[in-house]
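See below for the structure under consideration.
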Amino acid sequence: MTQRLIAIVGPTAVGKTKYSLSVARTFPCEIISGDSAQVYRGMDIGTAKAAPEEREAVAHHMIDIVDSDEPYAVSDFQDRCRKLIPEINARGRFPMLVGGTGLYVESVLYDYRFADAAGDEEARRRWNAYADEHGTHALHAVLALRDPAAASRIHPNDRKRLVRALEIIDATGEPLAEQAAKREKTSPYDLCMIGLTMDREKLYQRIEQRVDAMIGEGLVEEVRSLLGQGYGRDLVSMQAIGYKEIAAYVEGECSLDEAVAILKRNTRRFAKRQLSWFRTMPQIHWIDVTDDAKFGTHSAAINDIIFATYQLP
């Protein structure tokens, strides 16, 4: 029997957490976070993790599973989710993947096989030797010339992913995005996917309000604590939106007002990229949630889609 999987996707600040908790009040669900930064312990405010009482009400997975200095790749995320989904189904519950990190979400929803990607040992040795001689930033510059889209997603200090990307490009002669586009997006699951969207200006307003709320909740103190524990700004985790901008303020490179303005701008840009990514995915049932006063109506529409997908009574 094909494993069931509900997914709720959409840009940051659109209301994914609120609507997923609403779904969990109707269906027996366990939530799997599809956010690449929520896996890190101690990074709570800036990643907008569900509140402790929300996690007590509904079981949550893929939150607080590694320290901020531990390497964690999308393939690790995929492996763990592939084990979780049948376990949750076996308990007679619906696994519900909720998040906005497009690559992480797609790696679970579709039949991505990272381990099978083409590559060769000689190219790997050559690019590692290049990094030894010139540094990882030079390696990143090479990738930016050969595959700008991949370079924009990989931090200049993430040597392993930089080498892997160049190795695959050498072997295939194609940028990673072109290879991904050729993958047939078929899901191994009995998938019900909901996409949340809203008016762009309303979304941007919510983003600004969220950033202000994070500052009020102690984001500066959270970032200062992480830096004080020795988690350097060069870590992949500390490059997450919200952390790199506030870290610049904490270390005296800009004022708090400047850091907050940059954070709001970067979050708006991120939301735009998220929407573009999800628009290319098949099988999504889109719900426009612009009107906050119609939360009940929107929730009912989501529930109806789930009832229809699984032919529930």
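Please treat every number below as a calculation from the coordinates, not as lab data. All values reported here derive from a predicted model rather than from experimental measurement.
For Ala59, what residues show an amide H to amide H distance below 5 Å, using hydrogens built from the backbone and excluding near sequence neighbours?
Ile31
Please list, in order along segment 283-298, the HN-Hα scalar couplings obtained from phi with the Karplus expression 6.51 cos²θ - 1.76 cosθ + 1.60 (θ = phi - 60°), rounded to whole Hz, x for Gly and Pro.
Karplus-based 3J(HN,Hα) across segment 283-298 equals 6, 8, 8, 8, 10, 7, 10, 4, 7, 4, 5, 9, 3, x, 5, 5 Hz.
Have a look at segment 167-313 and give its Rg and Dmax from the Cα atoms, expressed in angstrom.
20.2, 59
What residue among Cys81, Cys254, Cys192 shows peak mean-square fluctuation when the chain is described by a Gaussian network model with Cα springs under 10 Å?
Cys254
How big is the C-alpha Rg of the chain next to the rule-of-thumb value 2.2 N^0.38 Å, as a ratio? Walk me through the numbers on the way to the answer.
Values: Rg = 20.0 Å, N = 313, 2.2 N^0.38 = 19.5 Å.
Rg over 2.2 N^0.38 Å, computed on Cα atoms: 1.03.
Springs between alpha-carbon pairs under 10 angstrom, Gaussian network model over the chain: which of Met238, Met281, Met62 fluctuates most?
Taking springs between Cα atoms under 10 Å, the residue moving most is Met281.
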